[in-house]
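To keep things clear, I will list the structure first and then write my remarks on it.
The values are calculated or read from the model by the stated rules, or taken from the named source; none is laboratory data. All figures in this text were calculated on a predicted structure; none of them were measured in a lab. Quick reminder, even Gly has a Cβ in these numbers, built from the backbone with ideal geometry, and neighbours come from all protein chains shown. Note: areas computed on protein heavy atoms with side chains; ligands, DNA, RNA excluded. Shrake-Rupley method; radii C 1.70, N 1.55, O 1.52, S 1.80 Å.
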Amino acid sequence: MEKKREEREMGMFFDGVIEAMPVFAKELVAGGVAGGIAKTVVAPLERVKILFQTRREEFQSIGLFGSFKKIAKTEGVRGFYRGNGASVARIVPYAALHYMTYEQYRRWIIVTFPDVGRGPVLDLVAGSFAGGTAVLFTYPLDLVRTKLAYQVVGSSKLNAQMSIKNELVYKGILDCFSKTYKEAGIRGLYRGVAPSLYGIFPYAGLKFYFYEEMKRHVPVEQKKNIMVKLVCGSVAGLLGQTFTYPLDVVRRQMQVQRLSASKSAEMKGTIETLVMIAQKQGWKHLFSGLSINYLKVVPSVAIGFTVYDLMKAYLRVPSRDDVIEVVSNKRTSRSSSLHS
């Protein structure tokens with residue numbers, strides 16, 4: 001009896017906490033949980049994709065399955081999650097900000113510009129600005145994640161046989177932050193942010209655009225079906241990624257320039273880097289790792305959207321129309337009191 005009473009009191013306590021949370025805080029929590037779960041599920045594919053993107057010839061030549069075998073042999077299971085700590089540390093605040101600011105921008109546009117329709121263009125604009133906002137706040141963590149994932153450790157046997165130099169330049173997240181800041185200051189922590197912004201504006205906008213547009217064509221009785229949400233999210237992520245992938249390759253190469261042993265001229269800007277990759281490595285390299293990215297994006301975006309919707313239901317986030325009505329009423333009453 002005592003145990004049941006404690007459980008009931010604990011449940012009432014959490015209910016009180018949830019009810020007391022403002023809507024934007026609930027959206028932050030829902031987005032953060034969704035991002036963390038989705039990113040961890042696809043972490044092994046993300047590691048291999050980064051190695052493909054950053055021109056590691058020893059991985060590109062052996063293909064996807066060969067790369068998995070090589071990492072498993074030389075680094076073990078932990079090798080598939082190298083850099084994932086920084087990745088999750090980045091994606092939780094990134095996803096939280098991304099989803100929350102999307103909802104906030106969407107409400108602000110509707111309330112400020114009442115004549116604007118609530119079609120897919122609204123989702124495109126709100127999603128684009130939300131993506132840009134989230135990138136600016138979390139980019140240094142993405143840079144650190146890429147640098148850690150870029151490092152390759154050879155097994156002791158392979159090192160002895162092939163004289164492979166151990167490439168562990170950074171020992172962890174804090175060490176990478178510290179060394180990067182000492183080398184180039186704040187600019188070093190934001191190296192490659194330009195192609196990130198160029199890529200995230202269309203990608204984030206298109207992702208929400210396709211997702212919401214596809215849901216509009218779903219029959220009413222199927223709108224709450226989890227499998228339908230998964231399919232809509234998968235197709236939305238796949239289409240959005242295809243259009244913006246070359247900028248992702250440019251961003252990764254700019255991020256790891258100081259780690260690369262290449263003697264090629266330093267790539268300074270986004271356009272110069274894009275042109276140099278196309279000229280020296282071929283235009284196909286701008287899509288290097290895209291097949292892996294498809295395997296990663298499909299479950300990642302699908303899981304992200306689905307978990308976000310489930311978390312919103314668990315946290316009792318009101319519908320978008322209800323929130324917009326409350327915000328509009330507050331603005332109306334505030335303006336009325338000012339006039340009086």
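Worth pointing out:
- Gain on full extension, evaluated as 0.36 nm per residue between residue 216 and residue 319 minus their Cα-Cα distance, stands at 35.5 nm.
- List 19, 213, ordered by accessible area with a 1.4 Å probe, largest first: 19, 213
- For segment 105-114, 3J(HN,Hα) computed residue by residue from phi via the Karplus equation (6.51, -1.76, 1.60; θ = phi - 60°) reads 4, 4, 5, 4, 5, 5, 6, 6, 10, x Hz, glycine and proline entered as x.
- Within the accessible surface of segment 274-322, defined with a 1.4 Å probe on protein heavy atoms only, the carbon and sulfur portion equals 65 percent.
- If R0 equals 35 Å, the separation of the Cβ atoms of residue 228 and residue 183 corresponds to a calculated FRET efficiency of about 0.15.
- Accessible surface, segment 62-144, averaged per residue in Å² (probe 1.4 Å): 44
- Around residue 196: net Lys/Arg minus Asp/Glu count, Cβ-Cβ under 13 Å: +3
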